[in-house]
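Below is one structure, written out as structure tokens, with a few remarks after it.
The values are calculated or read from the model by the stated rules, or taken from the named source; none is laboratory data. Small disclaimer: the values here were computed from a predicted structure and weren't measured. Quick reminder, even Gly has a Cβ in these numbers, built from the backbone with ideal geometry, and neighbours come from all protein chains shown. Areas reflect the complete protein model, heavy atoms only, side chains present, ligands, DNA and RNA absent. Shrake-Rupley method; radii C 1.70, N 1.55, O 1.52, S 1.80 Å.
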Amino acid sequence: MRVAVVGAGYVGLVTAACLSEFGFEVTCIDKEADKVERLRQGEIPIHEPGLDGLVFANRRAGRLDFSDDLSGAVRGAGVVFIAVGTPSRRGEDAADLAFVRAAAEQIGRALNGFTVVVTKSTVPVGTARMLERLIRDVRPDANFAMASNPEFLREGSAVEDFLRPDRIVVGLSSAQARERMSELYRPLMLRDVPVLFTNFETAELIKYAANAYLATRIGFINEMADLCEAVGADVSAVTRGMGLDRRIGLHYLQPGPGFGGSCFPKDTRALTSIAKQAGTRSRIVEAVIEANAARKDRLAERIADAVGGSLRNKRVAVLGISFKAETDDLREAASLAVIPALQKEGATIAAYDPVAIAAARPLLPDVTWCGDAYETAKDADAIVVLTEWNEFRGLDLRRLAAQMREPVLIDFRNIYSAGDVAKTPFVYHSLGRATVSPGS
Ligand code: NAD
């Protein structure tokens, strides 16, 4: 079967590469001709572990191609995925469906033969039905069915998540679409991956409900971390004590600088908008959004407190710019909130990230970009860990402290053990745990 994937971003590219790995003939389309050209040259535009090898192997096997010719790729494809962006509408909570609608219109015009048009983008409840009408209007004679197949991959482990998903969710309304989608996911169904066939609305809501729930867990443990600081408890032990309860589990219970990334912020906002439109309220998710924004707003203040109250003429070394480890994605990263706030208060910033510097340069002006953590620490008054990259876990903290004007370490990811840092010259501030001074 031939498959077309519209959108060569984090989701489209991974979907295309993995489906070609299953043996399908896949064309991945993007409207950015430059991106397509780079992909054809073998350059992968995003950092995603394992993706380059998969793309290379399947290109060589002749199963994966890239193109900016949407019509050409859609003609003759049995399944067409829409994997374009659905950001928040400017100044609003609702998802902007402009890219999705544009893609659907183009697909509609190109359809020939029975085709399943699948929304893989995260889209509000009602979108699959809306697109069905839209395509029908564009091409009253088209032989097609819609499916809603939300994607649950995580950046940083996207290939692994796609090839070994916890479940596959497919919303549809026809037996023909079910048969086609079963054919597509047979390689995973044979490995006993659970597949949930639902109606469109349920599939669309499952995605938002899952993301909003995960965001809520993060918001909750962040709140508990603040409470731990206030009462002298240790959040690491609280997390473990909670998470070992099998009803709760340990995942998504690490405190941090506030959730960011391309999904949780916009998807939680979109869920509140969907609820309002449906005449209900999502008060819990509204509170999670508000608490997360307040947390990000307070990061610079926390850093100021750790360096004695004022940031004026302080040099702050930032380790990690991407919104989480193993990705170069900067969308809604904590760094984009905290670095300008520190600069506004008079601090100068040196920063390092293993993969995100190229993407960060245009977004974060007046930052001294460094080649590693030790260079970043030179003459700094404080080091701030913003992203939990593994390479930061094993740093030689004594060597790091020796480069600095003041050995202050502010760890917004709790990647170090307080006991270990106490053996170094650092004053160590982390989340939900007592501040540690040398020898304490
Ligand atoms: P992205 O911004 O990285 O990629 C979208 C791509 O689509 C861009 O390259 C853009 O040029 C292209 N595009 C837009 N309109 C097009 C058109 N008409 N024709 C061809 N190409 C077009 O986005 P992403 O992070 O891959 O997310 C895509 C969707 O998947 C979103 O709805 C998102 O919420 C959802 N999602 C993302 C993740 C994630 O971790 N990034 C996980 C699950 C779901």
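Give the residue that is farthest from the ligand (Cβ to nearest atom), with candidates limited to residues of the range 1-18 that are open to solvent by less than 50 Å² (accessible area, probe 1.4 Å) and over 21 Å from the mean Cα position of the chain (by Cα). Before you say what the answer is, go through the steps one by one.
Residues of the range 1-18 that are open to solvent by less than 50 Å² (accessible area, probe 1.4 Å), as a first pass: 3-18.
Remaining after also requiring over 21 Å from the mean Cα position of the chain (by Cα): 3-4.
Details: V3: 15, A4: 10 Å.
Ranking the candidates gives V3 first.
Can you go through Y252, Y208 and tell me which one is on the phi > 0 side of the Ramachandran plot and under 22 Å from the mean Cα position of the chain (by Cα)? Outline the logic, then answer.
Details: Y208 fails: on the phi > 0 side of the Ramachandran plot.
The unique qualifying residue is Y252.
Could you run through the range 53-76 and say how many residues are within 14 Å of the ligand (Cβ to nearest atom) and touching a residue at least 60 places away in the same chain (Cβ under 8 Å)? Write out each step before concluding.
Applying the first criterion (within 14 Å of the ligand (Cβ to nearest atom)) to the range 53-76 yields 66-74.
Next, only the ones that are touching a residue at least 60 places away in the same chain (Cβ under 8 Å) stay: 70, 73-74.
Residues that pass the stated criteria total 3.
Within the range 216-243, take every residue that is farther than 22 Å from E290 by Cα and within 26 Å of the chain's Cα centre (by Cα) and give me the one that is surrounded by the fewest Cβ atoms within 10 Å (Cβ to Cβ). Steps first, answer last, please.
So the first thing to find is which residues in the range 216-243 are farther than 22 Å from E290 by Cα, and the list is 231-234, 236-243.
With within 26 Å of the chain's Cα centre (by Cα) added as a condition, the list becomes 236, 239-240, 242-243.
On the way: S236: 19, T239: 21, R240: 12, M242: 16, G243: 16.
The selected residue is R240.
Mind telling me which of the residues G78, G126 ends up being surrounded by fewer than 19 Cβ atoms within 10 Å (Cβ to Cβ) and under 20 Å from T202 (Cβ atoms)?
Numbers: G78 fails: under 20 Å from T202 (Cβ atoms).
Just one listed residue meets the conditions, G126.
Let's see how each residue does on (1) within 21 Å of the chain's Cα centre (by Cα); (2) within 16 Å of the ligand (Cβ to nearest atom); (3) within 19 Å of K207 (Cα to Cα):
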| site | (1), (2), (3) |
| --- | --- |
| A94 | yes, yes, yes |
| R101 | no, yes, no |
| G108 | no, yes, no |
| F114 | no, no, no |
| T122 | yes, yes, yes |
| E132 | no, no, no |
| I135 | no, yes, no |
| P140 | no, no, no |
| N143 | no, no, no |
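If T327 satisfies every condition in (1) over 19 Å from S430 (Cα atoms); (2) open to solvent by 10 Å² or more (accessible area, probe 1.4 Å); (3) within 16 Å of the ligand (Cβ to nearest atom) but one, which is the exception?
(2)
Okay, residues lined up against (1) out of contact with any strand residue (DSSP E or B) (no Cβ under 6 Å at 6 or more places or on another chain); (2) surrounded by 16 or more Cβ atoms within 10 Å (Cβ to Cβ); (3) of a type outside the set (A, V, I, L, M, F, W, C):
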{"position": "A212", "(1), (2), (3)": "yes, yes, no"}
{"position": "G249", "(1), (2), (3)": "yes, no, yes"}
{"position": "P257", "(1), (2), (3)": "yes, yes, yes"}
{"position": "P265", "(1), (2), (3)": "yes, yes, yes"}
{"position": "R269", "(1), (2), (3)": "no, yes, yes"}
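Any residue at all in the range 258-273 that is modelled with pLDDT of 95 or more, away from the ligand (no atom under 16 Å from the Cβ) and of a type outside the set (S, T, Y)?
The answer is yes, given that some residue of the range 258-273 is modelled with pLDDT of 95 or more, away from the ligand (no atom under 16 Å from the Cβ) and of a type outside the set (S, T, Y).
May I ask you to list the residues in the range 344-392 that are touching a residue at least 40 places away in the same chain (Cβ under 8 Å), among the acidic types (D, E) and either open to solvent by less than 20 Å² (accessible area, probe 1.4 Å) or not assigned by TED's automatic domain parsing to the domain that holds V316 (or both)?
Within the range 344-392, D381 is the sole residue that qualifies.
Considering only residues that are over 32 Å from the mean Cα position of the chain (by Cα), without any contact (Cβ under 8 Å) to a residue 24 or more places away in the chain and open to solvent by 50 Å² or more (accessible area, probe 1.4 Å), which ones fall in the range 396-436?
A402, K423
So which residues in the range 77-92 are more than 9 Å from the ligand (Cβ to nearest atom) and more than 14 Å from V116 (Cα to Cα), if there are any at all?
Going through the range 77-92, the residues more than 9 Å from the ligand (Cβ to nearest atom) turn out to be 77-81, 88-92.
Scanning the range 77-92 gives S88, R89, R90, G91, E92.
Could you say which residue among E151, E204 is within 24 Å of L54 (Cα to Cα) and either in contact (Cβ under 8 Å) with a residue 40 or more places away in the chain or within 15 Å of the ligand (Cβ to nearest atom) (or both)? Outline the logic, then answer.
Values: E204 fails: within 24 Å of L54 (Cα to Cα).
Of the residues listed, the single one that is within 24 Å of L54 (Cα to Cα) and either in contact (Cβ under 8 Å) with a residue 40 or more places away in the chain or within 15 Å of the ligand (Cβ to nearest atom) (or both) is E151.
Please specify each residue of the range 23-43 satisfying the condition of being surrounded by 17 or more Cβ atoms within 10 Å (Cβ to Cβ) and away from the ligand (no atom under 12 Å from the Cβ).
Our first condition is that a residue be surrounded by 17 or more Cβ atoms within 10 Å (Cβ to Cβ); within the range 23-43, this holds for 24-30, 35-36, 39.
Result: F24, E25, V26.
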